[in-house]
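Structure first, commentary second.
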Amino acid sequence: MSPSTRSRVRQTATALLVLLALGLGAAPVSPAAAAPAAPAAGDDPVPAVDAALDWLAAEVVASDGMLQVVYGDVAYDDAGLTLDAVLALAAGGRGDSAAVAAARGALEAALDDYVTGFAGGDARSAGAVAKTLLAELVLGVDVSPAYDLEADLRSLMATEGEHTGRFQDREGFGDFSNGLGQAFAVLALARTDGEVPAPAVSYLLAQQCADGSFRLYYDEGSTCADPAEGDPDATALAVMALLEVPGGDEVATAVEAAVAHLLAQQGPDGGVTGTGAENANTTGLAAAALRAAGQTAAADAAAAFVRSLQWTVCGADLGAVAYDAAAHTASTAAGALVDRSQWSRATSQGALALGLPAYGDIGVAAPVPAGTITCQAPAPPATEPPPTPPPATDPVIDLAHTSLLAGEVLDATARGFEPGEVVVATLHSTPRVLGSVVADDDGAVAFAFTIPADLEPGVHTLVLTGETSGRTASAPVEVLGRAAPGTLPVTGASTGLAGAGVALVLVGLGLQRAAAARRGTAG
């Protein structure tokens, strides 16, 4: 379907929704049906997408509407993750569910921190404003009565200079706007009467690299100078966004090249490689974009990959999606989900691969369930407890610094991996692969990886994973803020009074977030 045709379909669908909202010729909306009984072993297969959304909805309700990321014993509210879940549920036709209603209330209460990037006042985070506005337009419900998000978003677009058309953060702790926020802004404004400003589309097109990918980070320059800047998640969202805007040959050519790039990142098992390896989040976004672009066979293959990551043990967790094969294996060995917040993050985007429409098609295209899963009985307990591995084989991380600024170098050593195996370093909650090293003959590694410059302040988790052994080790890393341009990496010396000032400000923000998390946990 061409962009112009898709635009006319959306206008028709929007008009119909308005009529329904006014009650003209519409039947009364019945209350949401009670959740079906959980499948039992031996029952018929269930649609994989329904199982995933059932689990995701239950997680939202159980967390009082706000999904959280957990570090140690502290749970932090995650509005961005909650919006991902809301969009997935709405894509599955559950926009009027109890889970979405709970999320709307929780988001409204937390919106000040989210849209201002925890800076308050007139500060605005372009990506947060765009994603929230998209959710509001999808649901047809205002969750931000204190804000005019459309006006805010339009005011964040640069109107002069080399970055004309870019949606940029305002005030706050710096400009962290990127390719994801640009695509979300185009997707949101495509649903408004004012439509998408032409410069916004032109700027998005300028971020396409020579290999068809789109770059994620906008820190340097106003165009993609090297295909190494390309990112599959940013590429998938760019495809979704460009399919929603009117355009001639330039837009069509860009979409064709981006789709070809995504297809090239897809493995024989259907998984799409993100930064380092195949994972559910990247595969889900790519699958939705490919399906919207007419690549049905590739989208179905991606669905098969995501189904292989779903939890199939009978019970309340049936249908949850693991981030990758290693996470699925670890939970299978434990007999229960390990790191539930990672599973909720993976499910909220991985479910898109299971036949949900792309973000631009929510409310326009119906879900097309892609495959089923079968409930399996839990594995019987072992007659004898497994032997405890020697302490020497348990990976352990030693960090040179547990607190540092984004853009600085994280030095660390670890031991307890298989000799000669590749060890991948990833920062969570939103997985960001920092790089990989090879363990020496004693199973030890030493590395120095740069913390991404756009990483949000707060406590993150460094996870090391041995690709051969599957062994993992983790440690908390506190990011205090963003290093000033020209700041030297941390080498053991004090960062000085300026760093201390930033730290004091961000410690206050951390306390504010912790307090909010405690309020959410207490209900």
Note, ³J(HN,Hα) from phi for segment 136-148, Karplus 6.51, -1.76, 1.60, rounded to Hz, x at Gly and Pro: 4, 5, 5, 7, x, 9, 8, 9, 10, x, 8, 10, 10
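What length, rounded to one decimal in nm, is gained on full extension from residue 399 through to residue 269, with 0.36 nm per residue of separation minus their alpha-carbon distance? Write out the running numbers ahead of the final one.
Numbers: separation 130, 0.36 × 130 = 46.80 nm, distance 3.62 nm.
Computed gain between residue 399 and residue 269 is 43.2 nm.
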Alpha-carbon radius of gyration plus Dmax, which is the widest Cα pair, for segment 191-250 in Å: 11.8, 37
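On alpha carbon coordinates alone, what is the Rg over Rh value for segment 129-179, Rh being the Kirkwood radius? Let's see the in-between values first.
Numbers: Rg = 12.2 Å, Rh = 12.1 Å.
Checking Rg against Rh, the ratio lands at 1.01.
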Amide proton proximity set for residue 401, modelled H, under 5 Å, gap of 5+: 411
Residue 336 paired with residue 448, simple spin-label distance in nm, labels 7 Å along Cα-to-beta-carbon: 4.2
Burial ranking of peptide ranges 395-407, 151-163 (average Cβ count within 10 Å, highest at the top): 395-407, 151-163
Amide H contacts under 5 Å for residue 432, placed H, 5+ residues apart: 427
Label-point gap, in nm, between residue 58 and residue 252 - each point 7 angstrom along Cα→Cβ: 4.7
Part-to-part distance (alpha-carbon centres) for segment 273-318 and segment 329-367, which is given in Å: 8
Spacing of the two label points (7 Å from each Cα toward its C-beta) at residue 155 and residue 329, in nm: 5.2
Amide H contacts under 5 Å for residue 67, placed H, 5+ residues apart: 78, 82
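Quick check on packing: order 250-256, 223-229 by the mean number of other C-beta atoms within 10 Å, highest mean leading.
Numbers: 250-256: 16.6, 223-229: 14.4.
Highest to lowest by the protection proxy: 250-256, 223-229.
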Whole-Hz ³J(HN,Hα) from phi, Karplus 6.51 cos²θ - 1.76 cosθ + 1.60, for segment 183-191, glycine and proline x: 5, 4, 5, 5, 4, 5, 5, 5, 9
In Hz, Karplus ³J(HN,Hα) per residue of segment 239-255 (6.51, -1.76, 1.60; θ = phi - 60°; x = Gly, Pro): 4, 4, 5, 5, 5, 9, 10, x, x, x, 5, 5, 5, 4, 5, 5, 4
Highest-first arrangement of 104-117, 281-294, where packing means the average Cβ count within 10 Å: 281-294, 104-117
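Only the coordinates and a few stated rules stand behind these numbers; no lab work does. Since the model is a prediction, treat every value here as computed from it, not as a measurement. All Cβ positions, even for glycine, are placed from backbone atoms using ideal geometry, and neighbour counts span all protein chains on display.
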